[in-house]
1. Around SER155, which amide H atoms from residues at least 5 apart in sequence, or from another chain, sit under 5 Å from its own amide H, with H modelled in the peptide plane?
2. Calculate one ³J(HN,Hα) per residue across the range 110-127 by plugging θ = phi - 60° into the Karplus curve 6.51 cos²θ - 1.76 cosθ + 1.60, and present them in order as whole Hz with x for glycine and proline.
3. Mind checking the range 15-91 for trypsin sites (Lys or Arg not before Pro) that DSSP puts in a loop (not H, G, I, E or B) and that have at most 14 other Cβ atoms within 10 Å?
4. Students often forget the sequence filter, so: which lysines lie under 18 Å Cα-Cα from LYS117 once same-chain residues fewer than 8 apart are removed?
5. How much length is gained on full extension from LEU179 to ARG119, taking 0.36 nm per residue of separation minus their Cα-Cα distance?
6. For the range 186-192, what does the Karplus curve 6.51 cos²θ - 1.76 cosθ + 1.60, with θ = phi - 60°, yield as ³J(HN,Hα) per residue in whole Hz, taken in order and with x for Gly and Pro?
7. FRET efficiency for LYS303 and SER163, Cβ-Cβ distance as r, R0 = 45 Å, nearest 0.05?
8. Excluding residues fewer than 8 places away in the same chain, name every one of the lysines whose C-alpha is closer than 19 Å to that of LYS311.
Amino acid sequence: MSIWEVILAFLVVVLILVSLLSNVLVLICFLYSADIRKQVPGLFILNLTFSNLLMTVFNMPLTLAGIIYKNQPGGDQFCHMAGFLETFLTTNSMLSMAALSIDRWIAVVFPLSYHSKMRYKDAALILSYTWLHSVSFPIVAASLSWVGFHHLYASCTLCNKRSEERTQFVIFTGIFHILSFLLSLIVLCFTYLKVLKVARFHCKRIDVITMQTLVLLVDIHPSVRERCLEEQKRRRQRATKKISTFIGTFILCFAPYVITRLVELSSVVPISSHWGVISKCLAYSKAVSDPFVYSLLRHQYKKTWKDIINKILKRSSINSSALTSESHNQNILQMTE
């Protein structure tokens, strides 16, 4: 193995470990907190988390094996199944993020009618569509034998080894990326920019009220005035940072891989195998960032983890105090004997 291959293998190992840990933490929070389970977005997060976990447990180790052995891991049928699953899970993850953005858009833009427009039944219908949409492409690819081991990405994924079917495969791949990556990106941009517009409007209203209050309070201390102005500035930036994170991580993780796939089909620019694996690792890194972007850094999940840790510490302190008192009683008995 070259130094590049060692680095790439190490990167995949880190992605597997961090993704496994973070997505399991999201599942634990979901199972522990009844409040999280009651919320409709919890269904979308659960679907996204399961997709990330399956990708982590099944597809990432196969890519690691492909980097190390430079060959197809397992037999043809096994690789076909892995490629089918990889295509399905990637599309399902993208559409789950789009579904979460639609949920936020309805909640922010139509707050009074949110509970009537986004019920569990509606969320289940959206999830049914994402699954149907996601499974349709790998079914077509598998039926046409367009799934297998791709040396450029060291992965079992979409590939075509028959030159006479090149045109059909190029059309299929283009449609696939348009209806998965591009469609999800358009939905993300449309919904989150609408949310940002509403957030900025509310910030302006709050800023006007804050400035009017500061003008009326003549005797207010300068430090309090400064704190109010700083909070006003932070409030303006908060929504922009969150929405930039949602859209930015999606583009940063998926765009290099999608662009590489499309450039590869054009046969105009030669692509390094190292870059192919790096672009694949960037796509895998979305499974690492999703738990933090959509779940673990939110207040409700932080509160849940504090409750879990406090519960564990309380039990351990009770057990330790019980052991201490028991040992103390034994010492007294020994002294009396």
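1. The answer is HIS150.
2. 10, x, 6, 9, 4, 5, 8, 8, 10, 9, 4, 5, 5, 5, 5, 5, 5, 5
3. Answer by residue number: LYS70.
4. Filter leaves LYS38, LYS194.
5. Between LEU179 and ARG119, full extension yields 19.0 nm more.
6. Using θ = phi - 60°, the values come out as 4, 5, 4, 5, 4, 5, 6 Hz.
7. 0.20
8. The reachable lysines, counting only those whose Cα sits under 19 Å from LYS311, are LYS302, LYS303.
Only the coordinates and a few stated rules stand behind these numbers; no lab work does. Since the model is a prediction, treat every value here as computed from it, not as a measurement. So basically every Cβ, Gly included, is an ideal-geometry build from the backbone, and we count neighbours across all protein chains shown.
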